[in-house]
1. Are there any pairs, at least 6 apart or on different chains, whose C-beta atoms fall under 7 Å, with the first in the range 287-315 and over 12 Å from residue 327 (Cβ atoms) and the second among the acidic types (Asp, Glu) and part of a strand (DSSP E or B), and if so, which?
2. Tell me which residues, restricted to the range 266-282, are assigned to a helix (DSSP H, G or I) and either surrounded by fewer than 24 Cβ atoms within 10 Å (Cβ to Cβ) or more than 18 Å from the chain's Cα centre (by Cα) (or both).
3. Based on what the data block shows, is residue 192 modelled with pLDDT of 90 or more and closer than 21 Å to residue 311 by Cβ?
4. Please state which of the following conditions residue 366 fails to meet, knowing it meets all the rest: (1) open to solvent by less than 30 Å² (accessible area, probe 1.4 Å); (2) hydrophobic (A, V, I, L, M, F, W, C); (3) touching a residue at least 40 places away in the same chain (Cβ under 8 Å).
5. In this structure, does residue 329 turn out to be open to solvent by less than 10 Å² (accessible area, probe 1.4 Å) and closer than 14 Å to residue 239 by Cα?
6. Name every residue in the range 238-265 that is surrounded by fewer than 21 Cβ atoms within 10 Å (Cβ to Cβ) and in contact with a Gly (Cβ under 7 Å, 6 or more places away or on another chain), in order of residue number.
7. Which ones in the range 218-254 are among the hydroxyl-bearing types (Ser, Thr, Tyr), out of contact with any helix residue (DSSP H, G or I) (no Cβ under 7 Å at 6 or more places or on another chain) and not in a loop (DSSP other than H, G, I, E, B)?
Amino acid sequence: REVSEVSRKPGMLAVSLISGSAYTLPSRARAPRMDAAVAKDAAFGASHTSFYTDAVAKDSYETLGEVLEAKCADPELRSVLGTMFDGCGTITEALRKELVTVAEKQESVFGDVQLGVDVLADDLMWDICKTEPLIKEGASEEEPEVREMHADGKFCVCWDPLDGSSIVDNNWAVGTILGIWGAETGILGATGRDQKASLVALYGPRTTVFVTLDDGVYEFTLGVGGADGWLCSRERVRISPQSRIFSPANLRTARHELPGYGELIDFWLDQRYTLRFCGGLVPDICQQFSKGQGVLTNPPGGDTAPAKLRLAFECAPFSLLVEAAGGKSSDAVTGGSVLDVPIEGIDQRTSIAIGSADEVDRFNALVLPSVRAGPIAYVDGQPTTHGLNAGKAPAPRPPQDGRRSPIFLAEPSGTENGKAPPASQQRGGWGDQNVY
């Protein structure tokens, strides 16, 4: 029920906008009188930093089949992509029905704790590879080998079946990451640029998939508008060169190992960027597609905070998507594109900065000098003679106006006189972003 104005007189009858029922507004509930400008700003709240969607409803939406027919010229690749979409739909149903518990058998050779949903999603992907004759080779993030599926297959598929195992028990969004290479290059020895396509499924309140097609990146949503399958919910997704959103992983290195990373965080905070970071690689990067901007950074921090992301399973597929949408990626060491890094091992790790091009360039300018000098290693709270700042503990750097930046107001848990705690005590302390 719409109400144009609510009287501020005590005891007057007001109308509930929720239930439509009448209630009495007590005198003590009245807010102080504000001038028009202040009242307007208060009503506006924080929406100028919330980046609400600008998507407008359409009269009709194309189906997955219709878009693939028009935007994927290779009929065999089209078939494989359709099969992978089916798999993502099946994983969606499993996540809705399965409890998140530790798997009975722990078979990850990487030492990662496997959950029941991890195993279920991975088994499903292997079943797809075994039954799809177009797939020559398959490789899972859960296992360190490339397996031959069909000798005459045309494509090699590499996947992370359920990225976000450390946050799925929170009921936060997780996802599936998938890269597709041609049989002529395979996976090992190829680069991310050799991929025929990549796709990422995001399992949240809705299930969405972002995929590279012939002319860019498209988003599909499962089971909306009364449809049983996938509808195209975004066409030709673009990522702006500029961004006001940042997602800083491996944040603990900003305090100690990489002074340049601390300078970058200072810049974003002093320029009042919006922090959007949940610790799940899939939602943290996929927001760049829905918001049209953003940057995720995960620099190497030496022995105490090494590169953790896997090139073939995570960074190469995502880099293909982001760059196809107009964004940029950096390997966070040379500053070159992640897509140009040769895949020499199936478990090869890499650091990354990815997203809006101007912010990736800013990362390269501020952070790479610290990376190249060598991260400042800490052993039992003491800096070692390593890197450009050998023997020096990096001091907090206030902004130019003399204020202490918020990132340096609090000391890490267990610190004394600005020194880092022993490595054994750092996990779970201040700024610990060890989720990926």
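The values are calculated or read from the model by the stated rules, or taken from the named source; none is laboratory data. In this text, all values refer to a predicted model and were calculated from it rather than measured experimentally. Cβ placement follows ideal geometry from the backbone for every residue including glycine, while neighbour counts extend to all protein chains displayed. Please note that ligands, DNA and RNA were not included when accessible areas were found on the heavy atoms of the full protein model with its side chains. Shrake-Rupley method; radii C 1.70, N 1.55, O 1.52, S 1.80 Å.
1. From the range 287-315, the pairs are 313/160; 314/160; 314/163.
2. First, pick out the residues of the range 266-282 that are assigned to a helix (DSSP H, G or I): 266-270, 281-282.
266, 267, 268, 269, 270 - these are the residues of the range 266-282 that are assigned to a helix (DSSP H, G or I) and either surrounded by fewer than 24 Cβ atoms within 10 Å (Cβ to Cβ) or more than 18 Å from the chain's Cα centre (by Cα) (or both).
3. Working: modelled with pLDDT of 90 or more: yes; closer than 21 Å to residue 311 by Cβ: yes.
So residue 192 fits the description; yes.
4. (1)
5. Judged against the criteria, residue 329 is a match.
6. Those that are surrounded by fewer than 21 Cβ atoms within 10 Å (Cβ to Cβ) and in contact with a Gly (Cβ under 7 Å, 6 or more places away or on another chain): 238, 240.
7. Going residue by residue through the range 218-254, those that are among the hydroxyl-bearing types (Ser, Thr, Tyr) are 218, 221, 233, 240, 243, 247, 253.
Adding the requirement that they be out of contact with any helix residue (DSSP H, G or I) (no Cβ under 7 Å at 6 or more places or on another chain) leaves 221, 233, 240.
Within the range 218-254, 221, 233 meet the criteria.
Results for (1) within 16 Å of residue 81 (Cα to Cα); (2) open to solvent by less than 10 Å² (accessible area, probe 1.4 Å), shown as yes or no for each residue.
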| site | (1), (2) |
| --- | --- |
| 143 | no, no |
| 165 | no, no |
| 174 | no, yes |
| 182 | yes, yes |
